[in-house]
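In what follows, a structure is listed as structure tokens, so that the remarks can point back to it.
Coordinate-derived values only; no laboratory data. Because the structure is a prediction, the values reported are computed rather than measured. Neighbour counts run over all protein chains shown; Cβ positions are idealised from the backbone, glycine included.
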Amino acid sequence: MLLVLVPSPIGNLGDMTFRAVEALRNADVILCEDTRTSSVLLKHYQIHKPLSPYHQHNEHKIVASIVQQIKEGKKFALLTDAGTPGISDPGFLLARECVREGIKVECLPGATAFVPALVQSGIPGNRFIFEGFLPLKKGRKTLFEQLCKEERTIIFYESPHRLVKTLAEMAIYFGADRQAVVCRELTKMFEENRKGTLTELAAHYEKTPPKGEIVVVVEGCV
């Protein structure tokens, strides 16, 4: 009995590993966060397997069924749109239930957006915390207040239309001169890594609205 979590490229299809391709080819069913997105990747690597939607809107309803099918011998692989399942993507609930039921869970190494963002940011990476996406309303202010004295590097994911607001709020809570890096469209043709103070970055992206997937790396409190 085995569930395989398969990381997918965050942009460049060439970042897929040999093991990941093999795992997908060996699966009976591939669970996909978005079957349309996954189909592009699978077609590129000539993988032809049944696909089944698995996302935040249906995972609670179908977890038990998937676990039962794994127990009956069916091989499942979970593939999210970009990066590693369970990291700001669906995957945790299924992995937890499999562990509870004595099913082996194997996560292959592979792409995760915050790792290259941190490493190439020039901000210390020996100690860091990953916060993922910030709360939209409830708990947002409380979280900023908790993090303002955090000495470790802090990493966030953010959407393009909320980036300026988030940077401006960080400047208020963390300090206008706190250094940060905005990494945009990692591994893709228009990849951008822009470093500056939180105030400078907020001003830049207010004048130049960003597009694409975004990682924000913020230095810790000194």
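The table that follows gives values for the structure above.
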| quantity | calculated |
| --- | --- |
| Residues Ile66, Ile103 arranged by fewest to most Cβ contacts within 10 Å | Ile103, Ile66 |
| Qualifying chymotrypsin sites (Phe, Trp or Tyr not before Pro) in the range 152-222, DSSP loop, other Cβ atoms within 10 Å at most 15 | Phe190 |
| Aspartates and glutamates whose Cα lies under 14 Å from that of Lys165, excluding same-chain neighbours fewer than 8 positions away | Glu200, Glu206 |
| Pairs of Lys in the range 2-107 closer than 17 Å at Cα, counting only those 8 or more apart or on different chains | 5 |
| Net charge, Lys137 excluded, C-beta distance under 13 Å - Lys, Arg +1, Asp, Glu -1 | +4 |
| FRET efficiency, 1/(1 + (r/R0)^6) with R0 25 Å, evaluated for Lys211 and Thr17 via beta carbons | 0.35 |
| Ranked Leu2, Leu186, criterion: other C-beta atoms within 10 Å, fewest first | Leu2, Leu186 |
| Reach of Lys188 by Cα under 17 Å, taken over lysines that are not fewer than 8 positions away in the same chain | Lys211 |
| Residue-averaged 222 nm ellipticity for the chain, from DSSP H runs of 4+ at -39500 (n - 2.57), nearest 500 | -10500 deg cm²/dmol |
| The range 44-134: GluC sites (Glu not before Pro) falling in loop per DSSP and having at most 12 other Cβ within 10 Å | Glu72 |
| Alpha-carbon centroid distance for the pair the range 36-82 / the range 182-222, whole angstrom | 33 Å |
| Of every Cα-Cα pair in the range 144-222, the percent that sits beyond 17 Å | 37 percent |
